[in-house]
Amino acid sequence: MIDKRTFDRFRELIYRESGITLRENKESLVSARVAKRMRELNISSHGEYLDFIKRDKDGNELVHLLDAISTNVTHFFREERHFKLLAKLVRRWEKEGRRSVRIWCAACSTGEEPYSVAITLREALADPTDARIIASDISTRVLEKAQRGIYEARQMENIPQLLLARYFQRGRGRADGLYRAKPVLRDMVVFRRINLIAPPYPVRGPLDVIFCRNVMIYFDNTVRAQLLASMYDMLRPNGYLMVGHAESLSGMLSSFTSVEPSVYIKDSAKK
Ligand SMILES: C[S@@+](CC[C@H](N)C(=O)[O-])C[C@H]1O[C@@H](n2cnc3c(N)ncnc32)[C@H](O)[C@@H]1O
């Protein structure tokens, strides 16, 4: 178990480096999450592990720590309403003559979100040739998984059979029970490690839609406000921001206009 002083050192470091706020009495969570890494390094005390992270000047160990701490729960077509809206929007934009679509999934975890976006775009657009998604996360571990695009059968339950067959390759033999995103999906998505508390972000704008879902819940209002201001600048006028259903921005210092719960627009008509 971690003593209070050492836990506070972890909390401060994690907040400073990732914006993630750990509540008081999360000692056992931190302890459980870093245990495996400490075993790999043959380090037995938490204080010693913190010193090791500090001594590691190229920041690799910090990445390991943040990998261990971040919560990566996600699934295909999570909060489905956003994908229905996205399909409507891109169809409308295409009818208006727009050729390209640029989307950023700003905390993409293991890739289910950007691949759900990619499927939505391919299904909605008559010509998806210039539809691109940039997907990022702070955790290199989840990004590796996302890039491989391989999932277990139980993770595919939210995907209608027709779309599953169209966009995923079913494993055979030793890969039985696994599904891999087909190149048509993988080629639409570029994965990159981006820490949301460290703007400016290496993402070329202007963007049509930003998915920043279920990550701001870990941030305090200072980090949230800074992130929202950056994302506002990166969207094109009338671009959309989708946030998690549990994270309302009401009361936040933000220039966005609310469209419906968890959907915001950079309203070009607003002064
Ligand atoms: C709960 S998952 C959300 C995944 C997906 N957006 C969804 O809604 O299903 C939260 C993700 O945020 C990432 N994360 C946490 N802090 C971050 C930061 N400072 N910068 C970028 N990503 C971060 C975590 O690594 C994790 O993969």
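The values are calculated or read from the model by the stated rules, or taken from the named source; none is laboratory data. These numbers were taken from a predicted model, which means no experiment stands behind them. Neighbour counts run over all protein chains shown; Cβ positions are idealised from the backbone, glycine included.
Before moving on, here are some points about what is shown:
- For PHE52, the test of being within 14 Å of the ligand (Cβ to nearest atom), part of a helix (DSSP H, G or I), of a type in the set (A, V, I, L, M, F, W, C) and at pLDDT 90 or above is failed.
- Qualifying residue in region 201-220 (condition: in contact with a helix residue (DSSP H, G or I) (Cβ under 8 Å, 6 or more places away or on another chain), among the polar types (S, T, N, Q) and in a loop (DSSP other than H, G, I, E, B)): no
- The listed residue being away from the ligand (no atom under 15 Å from the Cβ) and touching a residue at least 40 places away in the same chain (Cβ under 8 Å), out of VAL142, VAL117, VAL101: VAL101
Residues checked against (1) modelled with pLDDT under 95; (2) of a type outside the set (Gly, Ala, Ser); (3) within 25 Å of PRO237 (Cβ to Cβ); (4) not assigned by TED's automatic domain parsing to the domain that holds ILE217:
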{"residue": "ARG92", "(1), (2), (3), (4)": "no, yes, yes, no"}
{"residue": "LEU121", "(1), (2), (3), (4)": "no, yes, yes, no"}
{"residue": "ASP127", "(1), (2), (3), (4)": "no, yes, yes, no"}
{"residue": "ILE133", "(1), (2), (3), (4)": "no, yes, yes, no"}
{"residue": "THR140", "(1), (2), (3), (4)": "yes, yes, no, no"}
{"residue": "TYR151", "(1), (2), (3), (4)": "no, yes, no, no"}
{"residue": "ILE159", "(1), (2), (3), (4)": "no, yes, no, no"}
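- Hits in region 140-181 - residues which are among the small types (Gly, Ala, Ser) and surrounded by fewer than 18 Cβ atoms within 10 Å (Cβ to Cβ): ALA153, ALA165, GLY171, GLY173, ALA175, GLY177
- Which numbered condition GLU94 fails, given (1) surrounded by 13 or more Cβ atoms within 10 Å (Cβ to Cβ); (2) within 16 Å of the ligand (Cβ to nearest atom): (2)
- Criterion (outside the structural domain of LEU196 (by TED's automatic domain parsing) and closer than 23 Å to THR110 by Cβ) met by exactly one of GLU48, GLU61, GLU24: GLU61
- For region 13-26, the set of residues classified as part of a helix (DSSP H, G or I) and either under 20 Å from MET216 (Cβ atoms) or modelled with pLDDT under 90 (or both) consists of ILE14, TYR15, ARG16, GLU17, SER18, listed by residue number.
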